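Input: a single structure, listed below in structure tokens.
The values are calculated or read from the model by the stated rules, or taken from the named source; none is laboratory data. Note that the coordinates shown come from a computational prediction; the quantities given were computed from them, not determined experimentally. Heads up, the Cβs are rebuilt from the backbone with ideal geometry, glycines too, and the neighbour counts pull from every protein chain shown.
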Amino acid sequence: MPPKLLTHLILALVAVSGAAAARRHPAPANFTASGNPVYIWPLPKNFTSGTQTLAVDPDLALDPQGAGGGAAAVAEAFERYRHLIFSPWAHAARPASAGYDVARLTVVVASADETLELGVDESYTIYIAAAGGANSIVGGATIEANTIYGAIRGLETFSQLCVFNYDTKNVEVRYAPWYIQDEPRFAFRGLMLDTSRHYLPVDVIKQVIDSMSFSKLNVLHWHIIDEQSFPLEIPSYPNLWKGSYSKSERYTVEDARYIVSYAKKRGIHVMAEIDVPGHAESWGNGYPKLWPSLSYMRKIFPFGLFHLGGDEVYTGCWNLTPHVKQWLDERNMTTKDAYKYFVLKAQEIAIDLNWIPVNWEETFNSFGGSLNPRTVVHNWLGPGVCPKVVAKGLRCIMSNQGVWYLDHLDVPWEQVYTAEPLAGIDDTAQQKLVLGGEVCMWGETADTSDVQQTIWPRAAAAAERMWSQLEAISAQDLETTVLARLHYFRCLLNHRGIAAAPVTNFYARRPPIGPGSCFVQ
Amino acid sequence: MAPALRLLLAFLAIGSCTAADHVDLWPMPKTVSHGTQRLYVSNNATMSMAGSKYSDGKAILKDAFQRMLDLMKLNHNADGANPSSSLLTGVNIVVLSTQDELGFEVDESYNLTVPTIGEPLHAQIEAQTVFGALHALQTFSQLCHFEFTSRLIGLNSAPWMISDAPRFPYRGLLIDTSRHYLPLATIKGVIDAMTYSKLNVLHWHIVDEQSFPIEIPSYPKLWNGSYSYSERYTMPDAIDIVRYAEKRGVNVLAEIDVPGHARSWGVGYPELWPSDSCREPLDVSNNFTFKVIDGILSDFSKVFKFKFVHLGGDEVNTSCWTETPHIKEWLNNNHMNVSDAYRYFVLRAQKIAISHGYEVINWEETFNNFGDKLDRKTVVHNWYFLNHEKGSVGNCRIIHACTKNQ
């Protein structure tokens with residue numbers, strides 16, 4: 001921990017100890033000292049709060065400190081959040097008669113390194129207090145983090161603490177002073193988008209990325225290509241994107257680069273997927289002979305993990321096609337051998353390009369012992385898979401379709417929330433092999449018109465499961481505390497322009513059943 | 001040969017291509033003719049106003065042009081190499097009137113030509129007002145598309161000669177922010193989408209039974225009837241919406257529906273309810289009711305500049321008037337039955353609106369029940385009957401709406 005952080009930590013604890021002694025320990029999970037639910041989503045790891053209300057200056061200034069504080073990404077993130085916090089009320093705001101308690105946001109970033117890799121330090125602390133009060137040493141607001149990505153997570157939390165008061169017409173922070181120390185439980189907190197079953201315009205993907213950052217999800221798994229369409233430009237094989245649905249339902253190489261860069265500014269990785277050997281019918285439209293130009297993609301997608309698919313491989317066509325059958329016979333292979341051969345060959349290519357291959361679980365179920373030991377197995381078929389994977393020493397990502405497939409509309413938010421990636425894994429060394437999880441927005445029945453209301457608010461339930469501490473979220477009462485907080489977060493998403501659907505409908509993405517407040521539907 | 005003559009000959013040559021074939025413009029312009037050539041729009045397309053009487057002091061056109069360029073590219077990088085010929089360098093806009101105040105029946109017509117001859121090649125817009133020019137830019141944007149192979153913005157089937165004007169001056173969309181609060185960003189998104197299809201009146205049904213989300217400075221407790229603390233619009237929010245719409249050629253029609261559909265008013269002022277157990281319609285016997293209406297319309301008149309205001313008047317169930325003693329007494333004293341009282345209410349509200357400079361729109365029940373007593377300038381808003389079976393509307397103007405039950 002950097003020395004400055006330690007000093008602040010000590011000072012903060014000293015400051016708060018002057019107040020009620022009961023508040024020296026972290027507040028009961030997700031309640032403020034006054035007993036209200038904590039409307040921060042996902043729930044931070046540790047926090048204390050008070051009873052004061054502080055007015056925030058609409059001309060809030062950024063005070064960047066530390067080796068990384070001056071990074072452009074920090075300044076840009078600050079501008080985005082300043083816009084989110086103040087602009088909806090820019091016209092209504094009246095100058096605070098008593099002046100502002102928080103006029104400056106100090107952001108201290110210890111490291112200047114901007115490399116975004118899986119496992120990058122996303123921890124941060126926030127301290128907000130009024131200046132000169134009996135219980136505080138420093139006034140204003142401070143975010144401290146080791147990396148710029150931790151600072152960005154801190155800015156999101158800060159933005160959720162700022163609320164517009166319709167009586168005083170000011171933006172305020174309630175229940176101050178706040179001291180928050182936060183970091184994620186899992187490093188891989190993903191959302192999968194499927195742009196093959198339906199093309200999603202770049203603007204829509206950007207909006208999904210924005211909404212991910214609001215709930216601290218950090219991996220966009222881009223399932224770009226599948227049977228139905230091939231929308232991505234591959235310059236070395238320019239006929240491949242003839243498999244797109246139409247001439248305009250396409251992504252250029254620049255589009256892909258732009259999306260990766262847009263995500264990076266929000267601390268979000270983009271994991272591309274080229275699903276082979278199944279799910280590849282659209283390739284045939286361009287080239288009869290199939291092999292991806294992965295080396296080109298390596299330059300566009302810098303994330304350390306690359307998804308090679310490998311699911312739902314129906315090998316009937318291999319046996320029925322003469323030249324393929326001949327090839328199999330020559331090598332004394334069954335179709336099952338050939339499936340294994342294909343997957344392992346693709347893995348080799350990816351590894352040569354310095355990628356860690358991710359494969360859907362059938363590869364593990366069929367020939368787990370032969371998979372490259374660096375493989376990350378992506379569970380989806382059902383529960384109880386990650387325990388088997390980590391027992392074999394491989395890493396795992398959970399997407400159990402019974403709970404985390406967003407196209408399954410009959411999974412209400414409670415089931416999404418209570419799904420636990422470490423279920424059935426007691427050995428702590430094996431627990432570390434679970435990288436995290438991912439909610440999957442398959443696109444067969446979701447397109448631009450309804451993709452966001454299908455994703456939200458249920459993806460938020462999974463986001464908290466993956467970010468927040470197990471003890472804290474298990475301690476909450478689902479139907480009172482968590483529901484109230486999720487309602488609040490859904491309304492926040494709506495306010496930020498994200499079409500999150502009502503929380504309490506049984507089926508996802510259904511319209512509200514009648515008139516009502518955002519906070520109860 | 002003179003350029004004009006060359007142009008004329010080019011058009012004559014293409015003349016046989018009319019809108020009978022597949023034209024991807026929505027809504028379909030009044031007259032369209034086009035050719036078969038492909039043009040490209042320059043990366044650095046510019047807007048000029050040579051020959052224009054209007055100087056775009058409010059940057060209405062300048063901002064619209066920039067929005068249009070962004071729409072045409074739709075996030076792709078249009079960085080292909082500009083071809084040496086068939087390249088449109090920009091758009092020249094001629095606006096004949098200096099008037100830039102949006103209002104009912106403003107001239108929205110325009111001519112848009114995209115020639116294939118000219119040095120430099122540019123599209124030409126002519127419109128009577130800036131609002132016609134805005135429509136022309138929308139149409140132009142629909143002619144353009146991002147070409148994935150060349151990475152340029154292409155424009156097919158040139159030359160184009162489009163002459164357009166709307167059939168009706170009132171082309172509206174109603175949004176209901178009482179049954180569900182809609183954040184400002186959502187309302188602005190709706191306004192943007194309206195401009196894509198050239199709709200020009202946003203009918204803002206702000207308040208109803210379930211919630212009262214808007215700030216009324218004259219009666220600050222009214223918005224206690226909002227669903228929650230944050231599901232509210234301040235007056236500056238409303239001004240922001242009106243300005244946003246105005247810049248895009250969209251009028252905002254505010255509705256304050258009385259005397260029915262007003263249960264939410266009493267949360268802040270319970271005396272507006274006939275009684276605590278009977279809360280609709282608004283208390284006709286109480287002068288305070290009309291003071292509040294006057295306050296609301298006075299505050300509206302500072303924000304909503306459209307010449308009309310909508311006073312509702314639909315679905316009035318008068319049983320709370322007959323069942324509440326003090327109102328029953330008032331009816332007796334004034335020799336009124338409930339139908340008289342309903343008529344009295346609507347007409348009195350109309351007069352208040354007129355005193356604030358508005359012309360009034362009312363839902364059709366008012367016409368169906370006492371059409372001949374309505375102010376002569378009233379616009380009747382049909383919603384219930386599909387055909388105008390209920391007798392002639394006489395000299396009243398009429399807006400046709402979908403039935404609510406659809």
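Yes or no: the stretch A:103-119 includes at least one residue that is away from chain B (no Cβ under 14 Å), surrounded by fewer than 19 Cβ atoms within 10 Å (Cβ to Cβ), over 30 Å from A:TRP355 (Cβ atoms) and without any contact (Cβ under 8 Å) to a residue 24 or more places away in the chain. Checked the stretch A:103-119: no residue is away from chain B (no Cβ under 14 Å), surrounded by fewer than 19 Cβ atoms within 10 Å (Cβ to Cβ), over 30 Å from A:TRP355 (Cβ atoms) and without any contact (Cβ under 8 Å) to a residue 24 or more places away in the chain.
Going by the conditions given, is B:VAL284 touching a Pro at 6+ places or on another chain (Cβ under 8 Å), within 16 Å of B:ILE206 (Cβ to Cβ) and part of a loop (DSSP other than H, G, I, E, B)? Spell out the reasoning first.
Working: touching a Pro at 6+ places or on another chain (Cβ under 8 Å): yes; within 16 Å of B:ILE206 (Cβ to Cβ): no; part of a loop (DSSP other than H, G, I, E, B): yes.
No, not satisfied.
Cβ-Cβ contacts under 7 Å between residues 6 or more apart (or on different chains), taken from a first residue in the stretch A:410-434 that is closer than 18 Å to A:LEU191 by Cα to a second residue that is of a type outside the set (Val, Ile, Thr) and loosely packed, with under 13 Cβ neighbours inside 10 Å, are listed as A:PRO412/A:PHE506. Scanning the stretch A:58-94 for residues that are under 28 Å from B:ARG243 (Cα atoms), out of contact with any Lys or Arg (no Cβ under 8 Å at 6 or more places or on another chain), more than 14 Å from chain B (Cβ to nearest Cβ) and not aromatic (Phe, Trp, Tyr) yields A:ASP59, A:GLU79, A:ARG80, A:ARG82. Scanning the stretch A:388-435 for residues that are within 19 Å of A:LEU478 (Cα to Cα), among the hydrophobic types (A, V, I, L, M, F, W, C) and buried (at least 18 other Cβ atoms within 10 Å of the Cβ) gives A:VAL403, A:TRP404, A:VAL411, A:TRP413, A:VAL416, A:ALA419. Among the residues of the stretch A:494-517, those that are within 24 Å of the chain's Cα centre (by Cα) and within 8 Å of chain B (Cβ to nearest Cβ) comprise A:ASN494, A:HIS495, A:ARG496, A:GLY497. For the stretch B:42-82, a residue qualifies if it is within 14 Å of chain A (Cβ to nearest Cβ), assigned to a loop (DSSP other than H, G, I, E, B) and surrounded by fewer than 13 Cβ atoms within 10 Å (Cβ to Cβ), and exactly one does: B:ASP79.
Residue check: is B:ALA136 part of a strand (DSSP E or B) and at pLDDT 95 or above?
No; evaluated as a whole, the condition is false for this residue.
All conditions but one from (1) more than 8 Å from every other protein chain (Cβ to nearest Cβ); (2) in contact with a Lys or Arg (Cβ under 6 Å, 6 or more places away or on another chain) apply to B:LYS221; the one that does not is (2). Might you check whether a residue that is modelled with pLDDT under 95 and either within 26 Å of the chain's Cα centre (by Cα) or small (Gly, Ala, Ser) (or both) occurs anywhere in the stretch A:207-221? Within the stretch A:207-221, not a single residue is modelled with pLDDT under 95 and either within 26 Å of the chain's Cα centre (by Cα) or small (Gly, Ala, Ser) (or both).
Do the conditions hold for B:SER218, that is, is it part of a loop (DSSP other than H, G, I, E, B), among the polar types (S, T, N, Q), crowded, with 22+ Cβ neighbours inside 10 Å and touching a residue at least 40 places away in the same chain (Cβ under 8 Å)? Spelling it out, it is not the case that B:SER218 is part of a loop (DSSP other than H, G, I, E, B), among the polar types (S, T, N, Q), crowded, with 22+ Cβ neighbours inside 10 Å and touching a residue at least 40 places away in the same chain (Cβ under 8 Å).
Listed conditions (1) of a type in the set (A, V, I, L, M, F, W, C); (2) farther than 18 Å from A:PHE506 by Cα; (3) crowded, with 24+ Cβ neighbours inside 10 Å are all met by A:ILE455, apart from (2). Checked against (1) in contact with a Leu (Cβ under 7 Å, 6 or more places away or on another chain); (2) modelled with pLDDT of 85 or more; (3) part of a helix (DSSP H, G or I), A:TRP283 passes all but a single condition, namely (2). Across the stretch B:324-336, not a single residue is classified as within 14 Å of another protein chain (Cβ to nearest Cβ), without any contact (Cβ under 8 Å) to a residue 60 or more places away in the chain and in a helix (DSSP H, G or I). Quick one: is B:LYS188 within 11 Å of chain A (Cβ to nearest Cβ), in contact with a helix residue (DSSP H, G or I) (Cβ under 7 Å, 6 or more places away or on another chain) and not acidic (Asp, Glu)? Against the criterion (within 11 Å of chain A (Cβ to nearest Cβ), in contact with a helix residue (DSSP H, G or I) (Cβ under 7 Å, 6 or more places away or on another chain) and not acidic (Asp, Glu)), B:LYS188 qualifies. A residue that is of a type in the set (A, V, I, L, M), at pLDDT 95 or above and in the same structural domain as B:THR289 (by the TED database) occurs somewhere in the stretch B:357-367.
In the set (1) in contact with a Phe, Trp or Tyr (Cβ under 7 Å, 6 or more places away or on another chain); (2) hydrophobic (A, V, I, L, M, F, W, C); (3) buried (at least 23 other Cβ atoms within 10 Å of the Cβ); (4) more than 14 Å from chain B (Cβ to nearest Cβ), the condition left unmet by A:CYS491 is number (4). Of the strands (runs of 3 or more DSSP E) lying entirely inside the stretch A:109-188, those containing at least 3 residues that are under 26 Å from the mean Cα position of the chain (by Cα) span A:124-129, A:140-145, A:178-182.
Where helices (runs of 4 or more DSSP H) sit wholly within the stretch A:306-387, those with at least 3 residues that are surrounded by 15 or more Cβ atoms within 10 Å (Cβ to Cβ) occupy A:335-352, A:361-367. Screening B:VAL207 with (1) within 14 Å of another protein chain (Cβ to nearest Cβ); (2) surrounded by fewer than 19 Cβ atoms within 10 Å (Cβ to Cβ); (3) over 17 Å from the mean Cα position of the chain (by Cα) gives one miss only, at (2). Do we have any residue at all in the stretch B:370-384 that's in contact with a helix residue (DSSP H, G or I) (Cβ under 8 Å, 6 or more places away or on another chain), part of a helix (DSSP H, G or I), at pLDDT 90 or above and over 23 Å from B:ARG171 (Cβ atoms)? There is at least one residue in the stretch B:370-384 that is in contact with a helix residue (DSSP H, G or I) (Cβ under 8 Å, 6 or more places away or on another chain), part of a helix (DSSP H, G or I), at pLDDT 90 or above and over 23 Å from B:ARG171 (Cβ atoms).
There is at least one residue in the stretch B:233-246 that is more than 14 Å from chain A (Cβ to nearest Cβ) and charged (D, E, K, R). Considering only the stretch A:251-262, I want to know if a residue exists there that is crowded, with 18+ Cβ neighbours inside 10 Å, within 14 Å of chain B (Cβ to nearest Cβ) and outside any helix (DSSP H, G or I). Checked the stretch A:251-262: at least one residue is crowded, with 18+ Cβ neighbours inside 10 Å, within 14 Å of chain B (Cβ to nearest Cβ) and outside any helix (DSSP H, G or I). Restricted to the stretch B:153-185, and to residues that are away from chain A (no Cβ under 14 Å) and charged (D, E, K, R), which residue is farthest from the chain's Cα centre (by Cα)? Looking at the filtered set, the residue picked out is B:ASP164. Note on the stretch B:292-323: residues that are over 24 Å from B:PRO236 (Cβ atoms), assigned to a helix (DSSP H, G or I) and out of contact with any strand residue (DSSP E or B) (no Cβ under 7 Å at 6 or more places or on another chain) total 3.
How many residues are part of a loop (DSSP other than H, G, I, E, B) and at pLDDT 85 or above when one looks only at the stretch A:289-305? Matching residues across the stretch A:289-305 total 4. Is it the case that some residue within the stretch A:205-225 is out of contact with any helix residue (DSSP H, G or I) (no Cβ under 7 Å at 6 or more places or on another chain), free of Cβ contacts under 8 Å to residues at least 40 places away in the same chain and assigned to a helix (DSSP H, G or I)? No: the stretch A:205-225 contains no residue that is out of contact with any helix residue (DSSP H, G or I) (no Cβ under 7 Å at 6 or more places or on another chain), free of Cβ contacts under 8 Å to residues at least 40 places away in the same chain and assigned to a helix (DSSP H, G or I).
Regarding the stretch B:226-235, can at least one residue be identified that is in a helix (DSSP H, G or I), buried (at least 19 other Cβ atoms within 10 Å of the Cβ) and free of Cβ contacts under 8 Å to residues at least 40 places away in the same chain?
No; the residues of the stretch B:226-235 include none that is in a helix (DSSP H, G or I), buried (at least 19 other Cβ atoms within 10 Å of the Cβ) and free of Cβ contacts under 8 Å to residues at least 40 places away in the same chain.
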